[in-house]
Amino acid sequence: MVDAAFVRGSAGDFAGAAQMLVNAIAILPDEAAEEGNVRWEATLRVTSEVCRTVESRAFGTHRKDERVVAGWASSPNLTLGKASPGQPARALLIRAEILRLSATICVDGPDSSALLLNLLSSRYPIVRWLAAEARLALTYRLDGEPDFIGALLAFERELINQVDIKKRHGDLLDPDEGPDALSNIRLPEISFSFVVAAMACAGPHLIDRLSRWQEASTRILGASAPLTVSIQSLLEGARQDSDMIERTVRNASNDVNTRVGAAAQLLTDTPVVELTLQLQLFLVSAMASDFGVSNQHIWNKHVALRFGETWRALAENPIQFVAPRTSIPAILAAIDELERGVGSLGKLISAVQTGVRGSAVSVMDKIH
């Protein structure tokens, strides 16, 4: 099955390859995690290589050190000369790697929330970190589900812990006391990009989602916490009267959170193509903090899919587009690519800009 995943990924079906890897880890026997089992350790290492190869190709960051060869995983001679300590950790690590791959590049697929919650209780920091990324990505695939705040805070917690370990020159594969022992320090600047991405994915559920996120943030962090206050401002923007909402977005003197909330809500009404592009670029700009850009693999393809759904609806009225005979097929092709894990937000916006009047925005240079 791992070999089949590699072949599928080599053919450009990255989402299909990811799903096959998910199916492969679902049938891993307990002995795969046994210390010193050289046959299973070799299999795990090859599976990890396939996973990383598919991931790098899906995000256009091809690795120069790809070592996977078709048929390698199923070779009866696949063994290592000597086992290395830490096989139980590596067995969990490959599960986390594959579930993250699936959550970030598959715009449709099974809900792996239960598996990820189990990995988030691991004593291995690197396993928790990958699981936290995957869980956050999965909330985008599920339209910014109500548990988004829990996923965001787990991601932030594991990020802070990872940075702390690196500062101490520790090893992320060394076991610790688990997530309950981690610091409750919060970094408000981390959250905003991910909240805006979740808003973009919420679609018609936007106001309900924001209300639930505010309740969750208040319950967990308190009413005066920066995240709670930020969500409250976003919600106020989204609740603007219909005759005021566009002016709220365009007025640069307004609070940025209020403007972003209004923009996300206005976008749910599928406005004319020029305004749709302006709103989407405005939301992308809000996501494109340095931290948001460096972690865009978590939200990129999911935001692209939600934006793409709007463009698919707008494409039914070709008269709005420039050169519709060529621009609309290009837009639809960019949307269809997302189903195979090939597409991206950058590719979608690039295709849209061939058919919609409007100036380029420099922030897109940062978006894959």
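Taken together, the values in this text are just the output of simple stated rules run on the coordinates, not laboratory data. Remember, predicted model here, so these are calculated numbers, not experimental data. All Cβ positions, even for glycine, are placed from backbone atoms using ideal geometry, and neighbour counts span all protein chains on display.
What to note about this one:
- C-alpha center-to-center spacing [the range 323-346, the range 206-259] in angstrom: 32
- Cα shape, the range 189-269, gyration tensor, a/c 1.5 rule: prolate
- Calculated FRET value between LEU332 and SER121, using beta carbons and R₀ = 35 Å, to 0.05: 0.25
- Free of any trypsin sites (Lys or Arg not before Pro) that DSSP assigns to a loop and that have at most 16 other C-beta atoms within 10 Å, the longest stretch within the chain is 240-356.
- Averaging the sequence gap over all C-alpha pairs within less than 8 Å and six or more residues apart, then dividing by the number of residues, gives the range 238-368 a relative contact order of 24 percent.
- Rounded to the nearest 20, the size of the Cβ-charge dipole of the chain about its Cα centre is 680 debye, with Lys and Arg at +1 and Asp and Glu at -1.
- Angle in degrees between helix 324-338 and the longest Cα principal axis of the chain, rounded to the nearest 10: 40
- Using alpha-carbon coordinates, inclination of helix 226-238 to the longest axis of the chain, degrees: 40
- For the range 197-206, 3J(HN,Hα) per residue [Karplus equation, 6.51 cos²θ - 1.76 cosθ + 1.60, θ = phi - 60°, Hz, x = Gly/Pro]: 4, 5, 4, 4, 7, 6, x, x, 8, 3
- The range 14-61: GluC sites (Glu not before Pro) falling in loop per DSSP and having at most 14 other Cβ within 10 Å: GLU34, GLU35
- Dividing the mean sequence gap of close Cα pairs (under 8 Å, 6+ apart) by how many residues the chain holds gives a relative contact order of 15 percent.
- Sparsely packed loop sites in the range 265-368 (the GluC sites (Glu not before Pro) outside DSSP H, G, I, E and B with at most 11 other Cβ atoms within 10 Å) comprise GLU316.
- Between GLU177 and LEU28, the contour length at 0.36 nm per residue exceeds the alpha carbon distance by 51.0 nm.
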